[in-house]
Amino acid sequence: MEKFSAHIGTAVPLRRSNVDTDQIIPAVFLKRVTRTGFEDGLFSAWREDPEFVLNNPAYAGATVLVAGPEFGTGSSREHAVWALLDYGFRVVISPRYGDIFRGNSLKQGLLTVELPQEAVEQLWDRVEADPAMAVEIDLVAREVRCAGLVWPFALDDFSRWRLLEGLDDIGLTLRHADSISAFETTRPSFGVVVN
Amino acid sequence: MSRTLAQKVWDAHVVAKSEGEPDLLYIDLHLLHEVTSPQAFDGLRLAGRKVRRPDLTIATEDHNTPTDNLLTISDPVSRTQIETLRKNCAEFGVRLHPLGDPIQGVVHVMGPQQGLTQPGMTIVCGDSHTSTHGAFGALAFGIGTSEVEHVLATQTLQQAVPKQMAVTVTGELPADVTAKDLILALITKVGTGGGRGYVVEYRGSAIEKLSMEGRMTVSNMSIEWGAKAGLIAPDETTFAWLEGRPFAPTGAQWDAAVAYWRTLPTDPGAHFDTEVHLDASSLTPFVTWGTNPGQGAPLGDVVPDPESFGTEAERAAARRAVEYMDLRPGTALRDVAVDVVFLGSCTNGRMEDLRLAASVLRGRKVAEGVRMLVVPGSAQVRAEAEEEGLHEIFTAAGAEWRFAGCSMCLGMNPDTLKPGERAASTSNRNFEGRQGKGGRTHLVSPAVAAATAVRGRLSAPADL
């Protein structure tokens, strides 16, 4: 995972709630066995509508997606995170996320920031008034800044540290390899064994 | 100290606990399927890692598979994904039940049916409906592909300690109301984000009276209201269901297992961070009208007016939903005509679901112009249903009797809605395009699905 400490970019206002992972990337794109190249699947049904916000050239090149509550609910497909990253997004801002999507995003270096609904609405208004307006996300200070406004956001210390250092989870867990082996000797004898 | 069921299962699986870090949890069973695993196996190969515990890992093919035959996967991309799973399982020594195998099926139907799902276990799968296995008092949840790779490599997961919620369902479900109606009503009450950050325990007299199939339907949809997992305390119903299944312990091991399982239910006085109450006796058949599982209503109601909702976010979502669903506010839900009825999925693809639907369809016909697909959740469900003659009832009614798989639940195999088609579906998600691009989904119980097939409009058996 690439290190993430701060990001400055322009933003796309996605004025929708309950953007489930089937909208972020429909199941037909999940048949691939690769980990890259999912940008064509991102919001593919909605992108067929010329009025959809991602089709507005004013937002071309934006790297921050600002969405309504319950973003990324539904399916566990990590492809939703890959599609957002492959399309060029580095940060998503929403009042609330689906749990599995949030976990997936933080493991892949897509920063998912939780801000209150009021802050999201202020961001929508500002970005719509001036699509070239820069939004700054500072993971060290845990702040979002835009047009002189500052919103603090919460993120647990461990997830923040992993993002700042770009750490690999499996590597971190293998620090505990001895504990895993020790635990395995204590498992109940009636436990399921598949083979 | 008094602990909840979920806390007991959690505590029994903590491998390492460090200040300021998530707990490291041991995983007892890792279920794999073709969609969310290929990139994880690639990751292992790149890092030169092995599957740590192939003996705690099992795979099947379900999402991409056709349900009209067992031999030909016509889409080359789907075929490649299936072949990739087969190669990966062979290379890494993972047991696989492929298409055509007598045990193959939707992963969350296959696991419990084989007795692989047992109380007190930790179970994960790269699929959000892994919550299904919580019905046995297991801590079971869906994970992404990075975590699949993590479990393959280490048999553990880093997990932050969740909050605890109790959903207490008192009273008794009326005769024509099912577990599906119960969970749909609950999701509409609490909203799609209502369970976020919580492990939930479903309890109370109405839950205790449910069969294992009914409990699995309830736990299955935990993720649809955002819960991390949805557990139900193991009891005599659980033990009776498990005993004698292929992977269930036997003899003295069975006795030891049951003795342990009896210690798992929540202690009196254990603390829940949040409690939700629902009265089962007040419930009626329940369906969804919108494009998320929280947009539902009793079948006897009308399509709601989007302007009647409390917040602007809800109003905007409802406006968009009724437009997508092509519904007019005020229309009686019983007047909504459907093109397709889908009976199946990890939510409602088990024997009890098929029996219930067959009891409604017996001696009746699927309405002219309606297509009904009956898709058993596993090859074994299909075989059992045929032994009971259920397939003859379905085919005599004019429904299609198909092979096991995820089928029309998710629009990833040839079973899809065409743009504009409307379905009554026993699956779990009514998202835009979920069952095929431009398709419209109403989530219903197996009883409502069968009655709807006969009348051609959303209906309960009492309407026939």
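The values are calculated or read from the model by the stated rules, or taken from the named source; none is laboratory data. What you are looking at is a predicted structure, and each value in this text was computed from that prediction instead of being measured. With ideal geometry, Cβ positions are generated from the backbone for all residues, glycine too; neighbour counts draw on all protein chains shown. Just the protein is used for accessible areas: all its heavy atoms, side chains included, with ligands, DNA and RNA removed. Shrake-Rupley method; radii C 1.70, N 1.55, O 1.52, S 1.80 Å.
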Q | Yes/no for residue B:94 being over 22 Å from the mean Cα position of the chain (by Cα), at pLDDT 95 or above and buried (at least 16 other Cβ atoms within 10 Å of the Cβ) | A | yes
Q: Kindly list the number of the only condition in (1) touching a Phe, Trp or Tyr at 6+ places or on another chain (Cβ under 6 Å); (2) within 14 Å of another protein chain (Cβ to nearest Cβ); (3) surrounded by 16 or more Cβ atoms within 10 Å (Cβ to Cβ) that fails for residue B:232.
A: (2)
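Got a number for residues in the range B:133-159 being without any contact (Cβ under 8 Å) to a residue 60 or more places away in the chain and either more than 13 Å from chain A (Cβ to nearest Cβ) or not β-branched (Val, Ile, Thr) (or both)?
Within the range B:133-159, residues that are without any contact (Cβ under 8 Å) to a residue 60 or more places away in the chain and either more than 13 Å from chain A (Cβ to nearest Cβ) or not β-branched (Val, Ile, Thr) (or both) number 2.
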(Q) Return the residues of the range A:160-195 that are more than 9 Å from chain B (Cβ to nearest Cβ) and touching a Leu at 6+ places or on another chain (Cβ under 8 Å); say none if nothing qualifies. (A) A:160, A:162, A:163, A:164
Q.
Checking the structure you have, find out if any residue of the range B:7-30 is more than 9 Å from chain A (Cβ to nearest Cβ), closer than 29 Å to residue B:399 by Cβ and either surrounded by fewer than 24 Cβ atoms within 10 Å (Cβ to Cβ) or not hydroxyl-bearing (Ser, Thr, Tyr) (or both).
A. no
Q | Hey, residue A:131 open to solvent by 10 Å² or more (accessible area, probe 1.4 Å), touching a helix residue (DSSP H, G or I) at 6+ places or on another chain (Cβ under 7 Å), more than 10 Å from chain B (Cβ to nearest Cβ) and part of a loop (DSSP other than H, G, I, E, B) or not | A | yes
(Q) Could you list, ordered by first residue, the pairs with Cβ atoms under 6 Å in which the first is in the range A:79-99 and free of Cβ contacts under 8 Å to residues at least 24 places away in the same chain and within 13 Å of chain B (Cβ to nearest Cβ) and the second is of a type outside the set (S, T, N, Q) and buried (at least 24 other Cβ atoms within 10 Å of the Cβ), at least 6 apart or interchain? (A) A:99/B:228
Q | Unique residue being in a loop (DSSP other than H, G, I, E, B), out of contact with any Cys (no Cβ under 6 Å at 6 or more places or on another chain) and either of a type in the set (S, T, N, Q) or within 14 Å of another protein chain (Cβ to nearest Cβ) (or both) when the list is B:130, B:117 | A | B:117
Q) Hey, among B:194, B:226, which residue is touching a strand residue (DSSP E or B) at 6+ places or on another chain (Cβ under 6 Å) and either among the acidic types (Asp, Glu) or farther than 29 Å from residue B:355 by Cβ (or both)? A) B:226
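Tell me, which residue of the range A:6-44 that is assigned to a loop (DSSP other than H, G, I, E, B) and open to solvent by 60 Å² or more (accessible area, probe 1.4 Å) is nearest to residue A:119 (Cα to Cα)? Can you show your working first?
Of the residues in the range A:6-44, the ones assigned to a loop (DSSP other than H, G, I, E, B) are A:15-20, A:25-26, A:32-38, A:42-43.
Going one step further and asking which of them are open to solvent by 60 Å² or more (accessible area, probe 1.4 Å), we end up with A:15, A:32, A:34-36.
Details: A:15: 13, A:32: 37, A:34: 37, A:35: 33, A:36: 32 Å.
Going through the qualifying residues, I end up with A:15.
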Q: Exactly one condition in (1) in contact with a strand residue (DSSP E or B) (Cβ under 7 Å, 6 or more places away or on another chain); (2) open to solvent by less than 10 Å² (accessible area, probe 1.4 Å) is not met by residue B:348; state its number.
A: (1)
Q: Given the conditions (1) assigned to a strand (DSSP E or B); (2) closer than 26 Å to residue B:21 by Cβ; (3) touching a His at 6+ places or on another chain (Cβ under 8 Å), report the number of the one that residue A:136 does not fulfil.
A: (2)
**Q.** Criterion: on the phi > 0 side of the Ramachandran plot and either open to solvent by 20 Å² or more (accessible area, probe 1.4 Å) or within 14 Å of chain A (Cβ to nearest Cβ) (or both) - qualifying residue of B:204, B:294, B:310, B:269
**A.** B:269
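Does residue A:12 satisfy the criteria of being in contact with a helix residue (DSSP H, G or I) (Cβ under 9 Å, 6 or more places away or on another chain) and over 29 Å from residue B:84 (Cβ atoms)?
yes
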Q.
So, in the range B:291-331, exactly how many residues are under 21 Å from residue A:98 (Cβ atoms) and either among the aliphatic types (A, V, I, L, M) or within 25 Å of the chain's Cα centre (by Cα) (or both)?
A. 12
Q | Verdict on residue A:103 being of a type in the set (Gly, Ala, Ser), open to solvent by 10 Å² or more (accessible area, probe 1.4 Å) and within 7 Å of chain B (Cβ to nearest Cβ) | A | yes
Q.
closer than 23 Å to residue B:198 by Cβ, touching a residue at least 24 places away in the same chain (Cβ under 8 Å) and aliphatic (A, V, I, L, M): which single residue out of B:278, B:242 fits that description?
A. B:278
Q | Failed item in (1) open to solvent by 10 Å² or more (accessible area, probe 1.4 Å); (2) under 24 Å from residue B:79 (Cβ atoms); (3) away from every other protein chain (no Cβ under 11 Å), with residue B:420 passing the rest | A | (2)
Q: Can you confirm whether the range B:160-180 contains a residue that is aliphatic (A, V, I, L, M), within 14 Å of chain A (Cβ to nearest Cβ), out of contact with any Phe, Trp or Tyr (no Cβ under 7 Å at 6 or more places or on another chain) and part of a strand (DSSP E or B)?
A: no
